[in-house]
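This report concerns only the one structure given below.
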Amino acid sequence: MVETKELMEEAVKFHGHTCPGLALGVLVSKYILEHGHDFSIDEELVAVVENDNCSVDALQALLGTTFGKGNLIYRDYGKNNYTFYNRDKKKAVKISLKGEPYSHEEYTREERLKMLLESDPNEIFNIKEVAFDPPEHAKIHESIICDECGDPTMSTRVREFKGMQICIPCYQKLTKN
Ligand SMILES: [Zn+2]
Ligand SMILES: [Zn+2]
């Protein structure tokens, strides 16, 4: 058993404050930590998250899935869904919030936080094994110098404009009017 309280303390050190969102991420992480035989915490673990709220910081702090390492993938869907892949064991699990646990109308923030930290992940999440189809490893692309601002820019992000090769922010500026 991994103690939720200790995980929360660890996550707060990274995140900077205590909040219900972080507690959700702690519960997600707790599930993965308790299933270490399927999801060891190393470079082989990949997390795909569908929001960029406080909860994701708990994953970064507790599971080592980070943006910089490339094993934290963000999809902007606005959902509290977390899918984990273990490249080593070819296993995948999807953890999805069932509804809003302990609604804002009924409980204060402090009450919600307390109840969340006392919850079992299975109470508030749907947890199911899913097909193993992890996102591909990020490829390294050559850089092209933006003809407008001079920044070296990954070739796949360069836009053509009036015979120039330009970066996205420059493209947006030049095509605004
Ligand atoms: Zn927060
Ligand atoms: Zn530019």
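For the reader, a short list of remarks on this structure follows.
- Segment 18-29 - phi-based ³J(HN,Hα) in whole Hz, Karplus 6.51/-1.76/1.60, Gly and Pro as x: 9, 7, x, x, 5, 4, 4, x, 5, 5, 4, 5
- Principal axis dimensions, largest first and in whole angstrom, of the chain by Cα: 60, 41, 28
- Residue pairs, from the table Lys30/Lys79; Lys94/Lys173; Lys30/Lys69, whose Cα atoms sit over 31 Å apart: Lys94/Lys173
- From its DSSP helices (H runs of at least four residues, each -39,500 (n - 2.57)), the chain gives a residue-normalised ellipticity at 222 nm of -9000 deg cm²/dmol.
- Counting only residues at least eight positions apart within a chain, or on another chain, the aspartates and glutamates with an alpha carbon under 20 Å from that of Lys90 are Glu34, Asp38, Asp42, Glu43, Glu44, Glu129, Asp133, Glu136.
- Sorted by Cβ neighbour density within 10 Å, fewest at the top, the residues Phe14, Phe125: Phe14, Phe125
- Taking label positions 7 Å along the Cα-Cβ direction at both Ser103 and Asp42, the computed distance is 4.6 nm, reported to one decimal.
Each reported figure results from applying straightforward, stated rules to the coordinates on display, with no laboratory input. This is a predicted model, so every value here is computed, not measured. Please note: Cβ atoms are built from the backbone with ideal geometry, for glycine as well, and neighbour counts cover all protein chains shown.
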